[in-house]
Each structure stands twice: as C-alpha cells, then as structure tokens.
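Report on the following structure.
Bear in mind that the values in this text are calculations on the coordinates, not laboratory data. These numbers come from a predicted model, not from an experiment. Note: ideal-geometry Cβ built from the backbone for every residue, glycine included; neighbour counts use all protein chains shown.
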C-alpha cells in the first residue's frame, strides 16, 4: 500500500482537485433544497455530456439518486444535453425518449446517443463542446489507466479544461490499480480541471453542521465510529453479491461511511488497518432471504455478512467501521459518531431523514436537530455548477467537498479493509487446518 502523507499533492485553490480531506466546508445554511433554488441566470446554453444511461443518471425506485433531475432544476432551460453515451443504445434511447416526452424536452430534443466518447468526439460539431461531463457509468469502467476503463483520461485528452463530475467509488478494479487512481488525480490537479466526486453525504446540512461545530470550537477529533447495516432482502442484483464483480460491500457500498470517517478524522495510516469478517460459510453468517441464487457464485467471491475494521488516523485519533448484511425489508440502519473533548456528534439515518444528536460540555442530554428537506444530491450538483460558472468569489460559498484525490484515498482505505478481512480469514483457516492436522496425528 502507498505511504503517501496527507501533505502531498494539495492545492489551496478551491477550483483544484487536490485538497485535504478535512477541508473545505460550507455554511450549512447555504445548502438549500431544490424547490428554494433559483435557476442559474443567463441565456446561453450550458452543454453537458452524460456518460451512462442507468439508474444513477436517470433515477429508479431503489433510491433518491437521479443526476439528470438535479441538473434540470439547477440549469433550467439553459441545460442542453448534447450527448448521452452508453454501449446499451436501446436503453439510452428509451430513457431519452421519456425525457423528450416530458416538460424538460428542450434539454434533450437534440441529444444524440453514442456507444463511446470517441464516437461523440468524431461526430461533434464545435457548438456541441460541453462545459461539463458527468460520469455515471459503472465503476469497473473508470479509475484506471487501462484502455476501456480510463474514461477520466479520455475526457482530459479530448476536452482539456472541461469540468467533470465522477460518481463514487472511483473504481472497483484490482487493488494494484490504486496507483492508477493517484496518477489520474495528479493529472486532474496539475491541469487545474474542476472535478467533483459524488460522495454526496459530505453535502448534508447535518454533516456541515458537524464540521461547523468542530471548527468554531477548535476541536480535535478523537474518534470516529461508523455503522452501516443494509437491508439485504432488497438487494436483487447478482453483481452486488459477487466480489469479483462489485469488489465487495465495503468498496462498493460502505465507501460512503469510510469517506465520512475520513472527512472528520483526517488521513488514515493505512498500515494500521485491521479487520475481521463473518463469512457466508460460518454458522452466524446464514441468511434466510437472499433474493439471488448465491450457489452460482464461486465460494471465494461471496460477500461477507459482517465486516468490522479499526485504524489509526495520522493525527493519532482512532477510527472504526462495521458493515452488516443482516436486515430485511427495505430500510437501512446507518450511524456515524464523532467524538472530541466534551463533544459527541451522532449522525443518524443520513440517507433518508437525517437527524443530528449533539452532546456538549456541561449538558449530559443530547440536542436533536432534524433536516427533513435536505437534498445532498442537489447540493453537490448546485455547487459544481456555481464553481464552473464562477458565480461567487466568496470562499464561504460554493465548494467542492470531495476531490478526485480525496476519493482515491477513500478507495485505498476500503481496499485496505477488504484485504485485512481476507488476511484474518486466511489466518483463521490455516490455524484450523493445522489444529486438525495435529489432532489427527494425536489420534493416530
């Protein structure tokens, strides 16, 4: 694993892509819901390229994600989606038709569908040059320097200076390609390309209130404790249950809470990561309502039921994360606790109806602050557009809260956790085998 220290590859400019994970932050009251937002002014078209025609870009019944919806609300009639890129032409054409049959037809009536970015570049008129490229394709097709999985480098090559939005995690490739991610991050930073990665939980009002409390009281974080319990009964995608395809639940799903942990704790000393797992073949790991046929997945690629990890931050603080595949129904159960001298900040249910419980010095009781109308997906899109438009010079205004380098560091942490669980499992199996061999010798 890399031994990079957090002082490397950082910029102070808010437009850059190499900021520290502990900065920047936003006044939480500047984050407003879509229905309170005013469309960006101007009459000129704002050209956008969408890469990926799946759920993250156009929405589904499985969650609140839908980037196209947020761009439509932020840019209004200025939005012009000049290209929709997806190898599945039929799917892309179908979602495009739905848009053209709706009140946002002006944004999509001239959209063309292409299988690849290169196809679009070969057929692009000068007037179609984008101001932003939004990447929502599956993570196994990005975050790498390998041809066919190097979409970020392609964008930098064909559209230098054009802003990018990249979904998380930045990749789900093999561990040795993490170095590719750092190379991409440095290329983005050196070119001063505006780039935001979709760790939307950083844009929650509750999260920014937590940051504000820490900063205003000059606190030093002592510990972060994160828990993510998913409702596995609702997960019907075979790929999710196959580590060879999804890279496992820590990398693909728990990444948000590993990222939030870093956002508050700072950089992680990767060498200190330890983890244990409850596996599918252990007695406590038997699940009764899996919707897919797990027998079709190779045993070594089946996902762990529980992953429990601990680590040290460079500051000396301690972090922990537990991911659990145990709940049924549809609702997840997720919490993040942050501790500092005299303070406990506890974020509950961040995906649906966030509640922040605050305990301060001199009061043993928690104060509950609720955020019923928050939309971090819109906030991250809104801030990105404001920075592209260079609307405000106020440093307290629009901020990119998750840069590409930052996202690669989170990816590195999630891979370290997965590797630590596999190492501890291998050690246990070896010890069991040696004990069985010794017993067999005694019996003989």
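Send over the semi-axes of the range 50-117's equivalent ellipsoid, whole angstrom and largest first, taken as the square roots of 5 times the C-alpha gyration tensor eigenvalues.
Details: eigenvalues 56, 46, 22 Å².
Over the Cα atoms of the range 50-117, the semi-axes work out to 17, 15, 11 Å.
The Cα center of the range 124-194 and the Cα center of the range 213-269 differ in position by 23 Å.
The C-alpha atoms of the chain define a longest principal axis, and helix 255-265 lies at about 90 degrees to it. The angle between the Cα long axis of helix 205-216 and the longest principal axis of the Cα atoms of the chain comes to about 80 degrees, rounded to the nearest 10. In this simple spin-label model, placing a label point 7 Å from the Cα along the Cα-to-Cβ direction at both residue 333 and residue 370 gives a separation of 2.1 nm.
Ranked highest first by average number of other Cβ atoms within 10 Å, how do 133-140, 273-280 line up? All intermediate terms of the calculation are to be shown ahead of the outcome.
Numbers: 133-140: 21.6, 273-280: 20.1.
Per-residue mean Cβ counts within 10 Å order the peptides as 133-140, 273-280.
Among 332, 108, sorting on how many other beta-carbon atoms sit within 10 Å of each Cβ, with the fewest leading, yields 332, 108. Note on residue 102 and residue 192: their simple-model spin labels are 3.7 nm apart, each label 7 Å out from Cα toward Cβ. Residues in the range 403-436, backbone N under 20 Å from the label point at residue 443 (7 Å along the Cα-to-beta-carbon vector): list them, ranges by number please. So the set is 429-436. Round to the nearest 10 and give me the degree value, 0 to 90, for the angle of helix 376-389's Cα axis relative to the longest principal axis of the chain. Rounded to the nearest ten degrees, it is 50.
A simple packing score, the average count of other Cβ atoms within 10 Å per residue, orders the peptides 147-154, 409-416 as 409-416, 147-154, with the highest score first.
Sorting the segments 335-342, 368-375 by their mean number of nearby beta carbons within 10 angstrom, highest to lowest, gives 335-342, 368-375.
Length, then width, then depth: along the principal axes, the Cα atoms of the range 28-200 run 46, 42, 35 Å. Projected label points at residue 157 and residue 428, each 7 Å from Cα along the beta carbon direction, are separated by 4.5 nanometres. Each 10 Å bin from zero up to the one holding the largest Cα-Cα distance in the range 125-264 carries the following percent of pairs: 10, 33, 32, 21, 4, 0.
Residue 295 to residue 239: extension gain in nm, 0.36 nm per residue of separation minus the Cα-Cα distance?
Details: separation 56, 0.36 × 56 = 20.16 nm, distance 1.33 nm.
Using 0.36 nm per residue and subtracting the Cα-Cα distance, I get 18.8 nm.
Provide the percentage of antiparallel DSSP beta bridges, counting only those with both residues in the chain; round to the nearest 5.
On the way: 38 of 67 bridges.
Looking only at bridges with both residues in the chain, the antiparallel portion is about 55 percent.
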